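The values are calculated or read from the model by the stated rules, or taken from the named source; none is laboratory data. Being a predicted model, the structure only gives us computed values, none of them experimental. Here the Cβ positions follow ideal geometry from the backbone for every residue, glycine too, while neighbour counts run over all protein chains shown. Areas reflect the complete protein model, heavy atoms only, side chains present, ligands, DNA and RNA absent. Shrake-Rupley method; radii C 1.70, N 1.55, O 1.52, S 1.80 Å.
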Amino acid sequence: MVSRVFSAGLLGIDGYVVTVECFLSGGLPRLDVVGLPTGAVAEAGDRVRAAAKACGFDWPVSRLTVNLAPADTKKAGTAYDLPILLSILAAAGEINAPPQDAVFLGELSLTGALRPVCGALSMALAARDAGFKTIYVPAQNAAEAAYADGMTILPVPDLGALVNHLHGRGALTPCPPPTPPAPRDETLDFCHVMGQHAVKRALEIAAAGGHNILLSGSPGSGKSMMAKRFSSILPPLSTDERLEVIRVWSAVGRGQQAVERAERPFRAPHHTSSANAMAGGSGAAGRLPMPGEITLAHRGVLFLDELPEFHRDVLETLRQPLEDGCVTISRVAGQVTYPAQFQLIAAMNPCKCGWYGTDRCTCSTSSVRQYLKRLSGPLLDRIDLQVTVQPVEYAALAARGTANEESSADIRARVLAARTVQYARQGKDTCNASIAPAQLAAHCPLSEDASHMFAAAFERLGLTARAHDRVLRVARTIADLANSSTIEAVHLAEALQYRTLDRTSAE
């Protein structure tokens, strides 16, 4: 007898429907799982046998062949445990045939309880697109799978509860539609940053236009403190953006964490991270590369503190994602493309001792240049704002508790207003940093004075064509914050002053 149960698999962060077929035949008792299973799938036989016996089912004494179709696609993960067991029990006549308009997935414990799996949301979306209306998932995956509109999500605590539901002896309660999480009490607020108004202004511009920013200053000047508060002035995630974030985090088993988080992702990898950890690399043997830090920061912020201390090959992995918004990884197991639309915030000391520009600096001019050479020109070209952070003045620190510094809510209000102007001009979710080169002339008109200033600055600073376009986009954001339809000379002058390292190289 042949039974059939529908399940789903994961390729990168994309799901696809899998048909699980079981055939009982004569011969010595044995279970064969075919269809290019990797290690975790091949081991499912021992788990499902123990779970079946623990739940009181008789294991068929015959040769069992389980096929996972499409058979030419590698199957990884533990989501196939539940459909494999259901297909075996249905073929043996232990349970009624599962409904053919539903999808089942989940990892089984030896007692029959269901454990969460990776990629539940992506698999639910794939099932919906294939025409299925119901999906049975582990209870811990229900909240993320509920973001698949149009699907009935049934949380399954264990095998016994599922069988009772299928046989009409007790119904499972569908998961309700998701509600956006309430913002948590935010302790990271710009009102706690004393002074540094010029840097706050630069961060406001970066948030308003979606620009990358580099903060360079002496130790203790507040670079990391302000970078960690950057997320508090960013616009909230849209519905589509939240869906993308949950899909990415679900692929690495953190879907529930993404569901509960109201803020945009904020990733701050250590400077000892490898290139694979940054861009994405192989997990278990035979599996496709897993998402790296730049993908986990998708639709959020990637903060790299002590930028020159990162290995050169790690920093160079950022170049293509910063330009294209995605990263393609090729390994022996296959090729996968992950989204990587993030804002880069980097922080660094201006020299090795950290005190360049002050009387405390002990570095020579040549050693300063050598230190800066750790950052390649092509990488710096992709950073829109390069800001020098001055040491905090004593007067600003002494005023703590009495001075009224601007809060993140006040800054975010101006950021949202500027984003509204950009979306009306360029289309939904297209901020200034993402203006296509072909649209720059139409969206970034320069006044006559600004045009003359830009021509002179282009030659003096030795800007590349890419840097030219990025300065223009930053000037567009500054003009939007000033509610100006045309980029004036004052807007362009402010944008040019944020090319600190270009000026240093041109000296």
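Quick check on region 397-408. Is at least one of its residues within 30 Å of R466 (Cβ to Cβ) and open to solvent by 50 Å² or more (accessible area, probe 1.4 Å)?
No, region 397-408 contains no residue that is within 30 Å of R466 (Cβ to Cβ) and open to solvent by 50 Å² or more (accessible area, probe 1.4 Å).
Name the single residue, out of those in region 16-39 being under 24 Å from L121 (Cα atoms) and in contact with a Gly (Cβ under 6 Å, 6 or more places away or on another chain), that is modelled with the lowest pLDDT.
Taking the candidates together, the pick is T38.
Examine region 22-36 for a residue that is closer than 16 Å to G93 by Cα, in contact (Cβ under 8 Å) with a residue 12 or more places away in the chain, charged (D, E, K, R) and not in a loop (DSSP other than H, G, I, E, B), and state whether such a residue exists.
no
Inspect all residues belonging to region 37-58 and state whether any of them is in contact with a Pro (Cβ under 6 Å, 6 or more places away or on another chain) and either assigned to a strand (DSSP E or B) or farther than 21 Å from M151 by Cα (or both).
Checked against the condition, which is being in contact with a Pro (Cβ under 6 Å, 6 or more places away or on another chain) and either assigned to a strand (DSSP E or B) or farther than 21 Å from M151 by Cα (or both), region 37-58 yields no hits at all.
Looking at region 378-407, which of its residues are part of a helix (DSSP H, G or I) and acidic (D, E)?
D381
Sort through P308, P235 and tell me the only one that's part of a loop (DSSP other than H, G, I, E, B) and either open to solvent by 30 Å² or more (accessible area, probe 1.4 Å) or touching a residue at least 12 places away in the same chain (Cβ under 8 Å) (or both).
The conditions single out P235.
Which numbered condition trips up Q422, out of (1) surrounded by fewer than 18 Cβ atoms within 10 Å (Cβ to Cβ); (2) within 28 Å of the chain's Cα centre (by Cα)?
In the conditions (1) surrounded by fewer than 18 Cβ atoms within 10 Å (Cβ to Cβ); (2) within 28 Å of the chain's Cα centre (by Cα), Q422 misses (1) alone.
Only one of these conditions is not met by E406: (1) charged (D, E, K, R); (2) more than 26 Å from L322 (Cα to Cα); (3) at pLDDT 95 or above. Which number is it?
(3)
Which condition from (1) in contact with a strand residue (DSSP E or B) (Cβ under 9 Å, 6 or more places away or on another chain); (2) modelled with pLDDT under 90; (3) open to solvent by 40 Å² or more (accessible area, probe 1.4 Å) is the one that P289 breaks?
(3)
For region 311-337: of the residues being among the small types (G, A, S) and assigned to a loop (DSSP other than H, G, I, E, B), which is farthest from the chain's Cα centre (by Cα)?
A333
Just to be sure before I move on: is A275 small (G, A, S), under 27 Å from A467 (Cβ atoms) and touching a residue at least 24 places away in the same chain (Cβ under 8 Å) in the structure I sent?
yes
Could you tell me which numbered condition G357 fails, if it satisfies all but one of (1) at pLDDT below 90; (2) in a helix (DSSP H, G or I); (3) open to solvent by 20 Å² or more (accessible area, probe 1.4 Å)?
Result: G357 passes all but (2).
Which of the residues spanning region 106-134 are of a type in the set (A, V, I, L, M, F, W, C), in a loop (DSSP other than H, G, I, E, B) and either modelled with pLDDT under 95 or under 24 Å from the mean Cα position of the chain (by Cα) (or both)?
If the condition is that a residue be of a type in the set (A, V, I, L, M, F, W, C), in a loop (DSSP other than H, G, I, E, B) and either modelled with pLDDT under 95 or under 24 Å from the mean Cα position of the chain (by Cα) (or both), then V117, C118 are the ones that fit.
Would you check if there is a residue in region 182-197 being of a type in the set (V, I, T) and closer than 30 Å to D381 by Cα?
Within region 182-197 (the criterion being of a type in the set (V, I, T) and closer than 30 Å to D381 by Cα), the answer is yes, since at least one residue qualifies.
Can you tell me which residue is surrounded by the fewest Cβ atoms within 10 Å (Cβ to Cβ) among those in region 180-218 that are of a type in the set (S, T, N, Q) and assigned to a loop (DSSP other than H, G, I, E, B)?
Going through the qualifying residues, I end up with T187.
What pairs come up if the first residue lies in region 480-507 and is within 20 Å of P378 (Cβ to Cβ), the second is at pLDDT 90 or above and assigned to a loop (DSSP other than H, G, I, E, B), and their beta carbons are under 8 Å apart, counting only those six or more places apart or on different chains?
Correct list of pairs: Y498/D384.
Taking region 219-232 only, how many residues are under 20 Å from the mean Cα position of the chain (by Cα) and in a helix (DSSP H, G or I)?
5
Picking from R254, R247, R264, which residue would you name as being within 17 Å of the chain's Cα centre (by Cα), open to solvent by less than 40 Å² (accessible area, probe 1.4 Å) and among the basic types (K, R)?
R264
For region 135-162, which residues satisfy the criterion of being open to solvent by 10 Å² or more (accessible area, probe 1.4 Å) and part of a helix (DSSP H, G or I)?
Selection gives A139, Q140, A143, G160, A161.
Does E107 satisfy the criteria of being touching a helix residue (DSSP H, G or I) at 6+ places or on another chain (Cβ under 6 Å), charged (D, E, K, R) and surrounded by fewer than 24 Cβ atoms within 10 Å (Cβ to Cβ)?
Considered against the rule, which asks whether it is touching a helix residue (DSSP H, G or I) at 6+ places or on another chain (Cβ under 6 Å), charged (D, E, K, R) and surrounded by fewer than 24 Cβ atoms within 10 Å (Cβ to Cβ), E107 comes out as yes.
Condition first: over 19 Å from M226 (Cα atoms) and open to solvent by less than 70 Å² (accessible area, probe 1.4 Å). Can you find one or more residues in region 381-394 that meet it?
Yes, there is a match, as at least one residue in region 381-394 is over 19 Å from M226 (Cα atoms) and open to solvent by less than 70 Å² (accessible area, probe 1.4 Å).
For residues that are part of a strand (DSSP E or B) and either open to solvent by 20 Å² or more (accessible area, probe 1.4 Å) or charged (D, E, K, R) (or both), scanning just region 60-75, find the one that is farthest from L89 (Cα to Cα).
If we take residues in region 60-75 being part of a strand (DSSP E or B) and either open to solvent by 20 Å² or more (accessible area, probe 1.4 Å) or charged (D, E, K, R) (or both), then K75 is farthest from L89 (Cα to Cα).
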